[in-house]
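Below: the structure, in structure tokens.
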Amino acid sequence: MILDLDFGEIQSLVASLGEEKYRAKQLFDAMTLAKSLDEISNLPASFKEKIKDDYFSYQVVADLKSADGTQKVALKFPDGAIVESVLLKYKYGNTVCVSTQVGCRMGCKFCASTLNGLVRNLTPGEILLQVLHFNKILGGDLKNRKVTNVVLMGCGEPLDNYENVTKFLHLVTSENGINISQRNISLSTCGIVPNIYKLADDGFSVTLTISLHAPNDSLRKTIMPIANAYKIEEILKACDYYFDKTGRRICFEYSLIEGVNDTDDCIKELAKILKGRSCHVNLIPLNSVKEKNLIGVARKKAYVIAGKLEKMGISATVRRTMGEDIEGACGQLRNRIGDDV
């Protein structure tokens, strides 16, 4: 897909097709604006005919808007794969939450993304397209970008699709393209340790967010199969390495599940393992997933837990719940509509 290519690769493609050099900038700009071939008026029909089989295409098969302003779409690609993307509106700007895989193979007990396993990885352009889609509908252009932040927290495990995800990071931060700063990008991982080290060594400085959800390995294994491969101690050492290389504070996500990981002992243990690290805990009252039979704690209790962590010297906040009325949890929309489109 042409959207997988960076500007230099577009230039090479244009040259290989025998087109004038300036066509590369015209094509790249049109892609950045998420224009379909029919919408591109400054490219000749003969050129568009040459690239039509490789130009991106997709359908919006669901478009839901929440009372709080959150917007969630399901996008369908030509091979029938469906992915979710979410637009979150904040006072500081617009954040797009992107999926990195069709489905997920990590098997976390609280997540709807993994219900039907992994179908396939998304390409760099398919991930980028989710950002460009919302930038377009928000009225953004090359001089006035409307999407300000990106979080890789949708369906899939980003570090399980390392090469495509890191190519996406190069594309989305490109000065020639939409040019979103790495400081405005968060990547969430359940803890694939070797690729945390690789992310740091490859020169990335996005905000690293660890889906922790338990303070010890024995409990974590009951809700996150990845815990059988990597111990929390190993994950924390990788986080320390990432912090040393980038200077970026690590964020730990902790979904509060009623009666599972919300006890005083759990919270004390969580504070103990994070003590002394430059980090922040993002407490998440779980968006309940009916297929998993897990219930999130009440927000009032989440705020109490945040207060306890703060008293123990750990920076903590409760994530604002958004999009709950439009099946905001990862994978819920895709699973519901998958058989209907």
The stretch 58-337 - Rg (one decimal) and Dmax (whole number), Cα, Å: 17.9, 52
Reachable aspartates and glutamates from Lys91, criterion Cα separation under 18 angstrom, eight or more residues apart if same chain: Asp68
Exposed-loop-free span, longest in the chain, where GluC sites (Glu not before Pro) count as exposed if DSSP calls them loop and at most 12 other C-beta atoms lie within 10 Å: 176-341
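Cα-Cα over 21 Å: which of Lys65/Lys143; Lys65/Lys136; Lys21/Lys52; Lys72/Lys301?
Lys65/Lys143; Lys72/Lys301
Between Asp240 and Asn144, what FRET efficiency comes out of the Förster formula 1/(1 + (r/R0)^6) with R0 = 45 Å and r the beta carbon distance, rounded to 0.05?
Given R0 = 45 Å and the Cβ-Cβ separation, E is 0.70.
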Computed label-point distance, nm, for sites Ser278 and Glu233 using a 7 Å Cα→Cβ extension: 2.5
Simple label model, 7 Å out from Cα along Cβ direction - Val60 to Glu310, nm: 3.9
Nearest 10 degrees, 0 to 90: helix 124-137 Cα axis against the chain principal axis: 80
Proximal aspartates and glutamates to Lys25, defined as alpha-carbon separation beneath 18 angstrom and excluding residues fewer than eight positions away on the same chain: Asp4, Asp6, Glu9, Asp38, Glu39, Glu49, Asp54, Asp141, Glu175
Mean separation of Cα contacts under 8 Å, 6 or more apart, over the residue count of the chain: relative contact order %: 16
Fraction of antiparallel bridges per DSSP, the chain only, in percent to nearest 5: 50
Gyration tensor (alpha-carbon) shape descriptor, the stretch 1-56, a/c threshold 1.5: rounded
Degrees separating the helix 299-311 axis from the principal Cα axis of the chain, which is the longest one: 70
Label-point gap, in nm, between Asn116 and Lys221 - each point 7 angstrom along Cα→Cβ: 3.2
On Cα atoms only, tilt of 22-32 relative to the major axis of the chain in degrees: 40
Calculated Rg and Dmax of the stretch 118-236 using C-alpha coordinates, Å: 15.8, 51
Residues of type lysines that Lys237 reaches as a straight line, Cα spacing below 30 Å, ignoring anything fewer than 8 places off in the same chain: Lys109, Lys167, Lys198, Lys221, Lys245, Lys268, Lys272, Lys275, Lys308, Lys311
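Where a number appears in this text, it was derived from the coordinates with a stated rule and is not lab data. If you're wondering where the values come from, they're calculated on a predicted model, not measured in any experiment. For neighbour counting, all protein chains shown are included, and Cβ atoms are generated from backbone atoms with ideal geometry for every residue, glycine included.
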